[in-house]
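**Student:** Please find one structure pasted underneath; my questions will follow.
The values are calculated or read from the model by the stated rules, or taken from the named source; none is laboratory data. Here the structure is a predicted model, which means the values were calculated and not measured. With ideal geometry, Cβ positions are generated from the backbone for all residues, glycine too; neighbour counts draw on all protein chains shown. Accessible surface areas use protein heavy atoms only, side chains included; no ligands, DNA or RNA. Shrake-Rupley method; radii C 1.70, N 1.55, O 1.52, S 1.80 Å.
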Amino acid sequence: MSRLMVSVSGVRGIVGETLTPFEIVKFTSAFAKFCGGGKIIIGRDTRIHSLFISHLVSGTLLAMGCDVVDISVCPTPTLQLAVEHSDASGGIMITASHNPAEWNGLKFVSEEGIFLTPEQHKKFVDLVEKNSFKFAEWNSVGRYIQDRSFIDKHIDKIFQIDFIDVEKIRARKFKVVVDCINGAGSEAVPKLLEMFGCDVIKINCDGNGVFTHEPEPLPENLTELCEAVKRYNADFGIAVDPDADRLVLVTEKGEPFGEEYTVVQAVKIVLEKKSKSDGKSVVVNLSTTKAVDEIAKVYNAKVYRSPVGEINVVKKMKEVGAVIGGEGSGGVIFPDVHYGRDSLVGIALILQNLIEFGGRISEFKETLPKFEIFKTKINIENVNPDDVLDKVKEVYKDAEINTDDGVRVDFGDSWIHIRKSNTEPILRIIAEARTKKEAEELVKELRTKLGLK
C-alpha cells in the first residue's frame with residue numbers, strides 16, 4: 001500500500017486510499033492555524049477529484065474562520081502569483097503535479113507566494129501532528145468569493161517583462177503545437193501563445209482532467225506531440241505537466257529539446273539582457289545540467305546550487321539575489337514575474353530567444369553547451385535509503401562529494417547524483433556526461449558498486 005507523501009513540496013497520496021477526506025481536513029486546518037487566519041487563496045488542477053477536494057479545503061478554511069478566494073482551475077504559478085501580489089496570508093493549490101491520475105495533493109504557499117521553507121514546513125507539520133484545532137463559532141465563519149481573473153493577470157505580468165519584444169514575436173507568426181494533458185494549463189498556455197500571435201494547434205487541451213498519456217512530460221510520454229509537430233510542420237511543440245509549472249519543448253523535427261535545456265535557454269536570454277547588472281548570479285539545483293555553468297561563464301555570472309525542490313532554489317535565489325534560476329525538470333524561476341517555477345514564463349523566454357536567434361529551434365539547440373543526462377530510479381519501499389547513501393559516500397570517498405541533498409559526486413565534465421525523492425517512495429539516480437553512453441556507464445558503475453539491480 002502506498003503511503004501519504006509529506007514534504008516541502010506539500011502532501012500527496014492516492015485519493016481514497018492515503019489521501020482521504022480526513023487527511024485533507026487535518027492538513028487544511030493545520031495550514032489555517034499556521035497562517036493565523038486571514039485570507040487564503042485556493043486553486044486546483046483538472047483532475048477528476050480536484051473539485052471535491054477543493055470543496056473540502058474551502059469548507060474547512062471557512063470553518064476555521066478564514067476568508068477564501070477561489071480562483072478555480074489554474075496553473076500552480078498562477079496561484080503563487082495571486083498570493084504574492086495580494087494581501088492573502090497563504091494559498092493552497094490542489095494538485096499532484098506530475099503524479100499519475102489516481103493521485104492528488106495539496107501544495108501550500110506562504111504569504112510571500114512561495115512554498116513553505118524547510119523551517120516553516122517543520123512548524124506546519126508539528127501542527128498537523130498535534131491535530132488540535134479550534135473551529136470558528138457560527139457567526140465567525142469566513143467569507144467565500146470566486147475570482148477567475150488571475151490567469152489574465154498572470155499573462156499581463158509576463159507581457160510586462162521589459163526585454164520581451166512582443167511585436168517582433170507576433171511578426172514571426174510561430175506555429176506551435178501544445179499538449180496540456182487536459183490539465184491546468186489548458187486555458188492559460190494556448191491563450192498566452194495566441195496573444196503572442198502564434199498559430200496554436202491544441203492537443204489534449206480540453207481541460208477535462210483525463211490524462212491521455214502518463215502525466216510527467218518525459219520524451220517517452222510525448223510521442224503524440226512529437227508526431228503532431230512533424231505532421232503540422234510546426235515551428236516547435238510545447239508540453240506542460242498537469243499543474244503547468246514545468247515546460248518541455250519539442251523541436252520542429254519532432255525531437256525533444258531536452259527538459260534540462262528549458263532552464264538553460266532561460267538562463268541564456270536573461271543573463272544576456274541583464275548583462276549590465278553587477279554580480280549576476282544564477283541558482284539551480286544539484287541535479288541540473290552543467291550546461292548552465294557554461295552559459296554563466298560567458299556572461300561572467302556565478303552559479304549556486306541548492307538541494308532539489310522549488311523552495312530550496314527560491315530560498316537560495318533570494319539569499320544571493322539571483323536574476324534567474326530553476327530546475328532541470330523543466331522549471332524556470334524568473335523573479336521579475338514571481339518566485340516560482342512557471343511554464344508560461346519559460347514560453348515567453350524561448351520565443352524571445354528564437355526571434356533573436358533567427359533560425360529554427362533545433363539550430364538554436366546546437367548553439368548551447370552539449371551535455372547528456374541519464375535518469376533512473378530505485379524503489380525504496382523495502383530498502384533503507386540512508387544505508388544506500390552512506391555506501392555511496394564510502395565508495396566515492398576520494399572524489400568531490402556534495403551531501404546537501406543525498407549524494408552528488410563530481411568528476412569534472414561529468415557527475416552523478418543519488419537522492420531520496422520529495423514526491424515518491426523512490427531513490428532518484430541522475431548522471432550527466434558529454435555523451436549519453438558515458439552517463440549510462442556512470443549509473444551502471446554505481447549500481448554495480450552498490451550491488452543494486
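**Student:** Can you pull out the residues in the stretch 1-46 that are of a type in the set (Ser, Thr, Tyr) and touching a residue at least 12 places away in the same chain (Cβ under 8 Å)?
**Tutor:** The answer is SER2, SER7, SER9, THR18, THR28, SER29, THR46.
**Student:** When you check VAL323 against the structure, is it over 24 Å from LYS444 (Cβ atoms), within 19 Å of the chain's Cα centre (by Cα), in contact (Cβ under 8 Å) with a residue 40 or more places away in the chain and open to solvent by 10 Å² or more (accessible area, probe 1.4 Å), yes or no?
**Tutor:** Judged against the criteria, VAL323 is a match.
**Student:** Is it true that some residue in the stretch 199-208 is touching a strand residue (DSSP E or B) at 6+ places or on another chain (Cβ under 6 Å), polar (S, T, N, Q) and either within 19 Å of VAL345 (Cβ to Cβ) or surrounded by fewer than 13 Cβ atoms within 10 Å (Cβ to Cβ) (or both)?
**Tutor:** Within the stretch 199-208 (the criterion being touching a strand residue (DSSP E or B) at 6+ places or on another chain (Cβ under 6 Å), polar (S, T, N, Q) and either within 19 Å of VAL345 (Cβ to Cβ) or surrounded by fewer than 13 Cβ atoms within 10 Å (Cβ to Cβ) (or both)), the answer is no, since none of the residues qualifies.
**Student:** Look at VAL303 and say whether it is assigned to a strand (DSSP E or B) and either open to solvent by 10 Å² or more (accessible area, probe 1.4 Å) or within 16 Å of THR262 (Cβ to Cβ) (or both).
**Tutor:** yes
**Student:** Further question on the same structure: So VAL292 clears everything in (1) surrounded by fewer than 22 Cβ atoms within 10 Å (Cβ to Cβ); (2) closer than 30 Å to VAL407 by Cα except one condition, right? Which one?
**Tutor:** Failed condition: (1).
**Student:** Something else about it: When the residues of the stretch 252-261 are narrowed to those that are touching a residue at least 40 places away in the same chain (Cβ under 8 Å) and more than 15 Å from GLY346 (Cα to Cα), which ends up surrounded by the fewest Cβ atoms within 10 Å (Cβ to Cβ)?
**Tutor:** LYS253
**Student:** Can I ask one more? Please specify each residue of the stretch 384-413 satisfying the condition of being in a strand (DSSP E or B), without any contact (Cβ under 8 Å) to a residue 60 or more places away in the chain and within 13 Å of ILE429 (Cβ to Cβ).
**Tutor:** VAL407, VAL409 - these are the residues of the stretch 384-413 that are in a strand (DSSP E or B), without any contact (Cβ under 8 Å) to a residue 60 or more places away in the chain and within 13 Å of ILE429 (Cβ to Cβ).
**Student:** Among the residues of the stretch 73-87, which ones are touching a strand residue (DSSP E or B) at 6+ places or on another chain (Cβ under 8 Å) and open to solvent by 10 Å² or more (accessible area, probe 1.4 Å)?
**Tutor:** VAL73, SER86, ASP87
**Student:** Let me ask something additional. List pairs: first in the stretch 195-210 and assigned to a loop (DSSP other than H, G, I, E, B), second polar (S, T, N, Q) and surrounded by fewer than 19 Cβ atoms within 10 Å (Cβ to Cβ), Cβ under 9 Å, 6+ apart or cross-chain?
**Tutor:** Taking only residues 6 or more apart or on different chains, the pairs are ASN204/THR212.
**Student:** While we're looking at this one, here's another question. If a residue must be acidic (Asp, Glu) and either over 27 Å from LYS253 (Cβ atoms) or modelled with pLDDT under 95 (or both), how many such residues does the stretch 154-205 contain?
**Tutor:** Summing the residues that are acidic (Asp, Glu) and either over 27 Å from LYS253 (Cβ atoms) or modelled with pLDDT under 95 (or both) in the stretch 154-205 gives 4.
**Student:** So, one more: Please find, within the stretch 167-190, the residue that is farthest from the chain's Cα centre (by Cα) out of those that are farther than 17 Å from SER72 by Cα and open to solvent by 10 Å² or more (accessible area, probe 1.4 Å).
**Tutor:** Here the residue is ALA171.
**Student:** Another question, then. Would you confirm whether any residue within the stretch 175-197 is over 22 Å from SER343 (Cβ atoms) and out of contact with any Lys or Arg (no Cβ under 6 Å at 6 or more places or on another chain)?
**Tutor:** No, there is no match, as no residue in the stretch 175-197 is over 22 Å from SER343 (Cβ atoms) and out of contact with any Lys or Arg (no Cβ under 6 Å at 6 or more places or on another chain).
**Student:** Of all residues in the stretch 326-354, count the ones that are among the aromatic types (Phe, Trp, Tyr) and open to solvent by 10 Å² or more (accessible area, probe 1.4 Å).
**Tutor:** Residues that pass the stated criteria total 1.
**Student:** Among residues belonging to the stretch 145-166 that are among the aliphatic types (A, V, I, L, M) and more than 18 Å from PRO77 (Cβ to Cβ), point out the one that is most open to solvent (accessible area, probe 1.4 Å).
**Tutor:** So the residue we want is ILE145.
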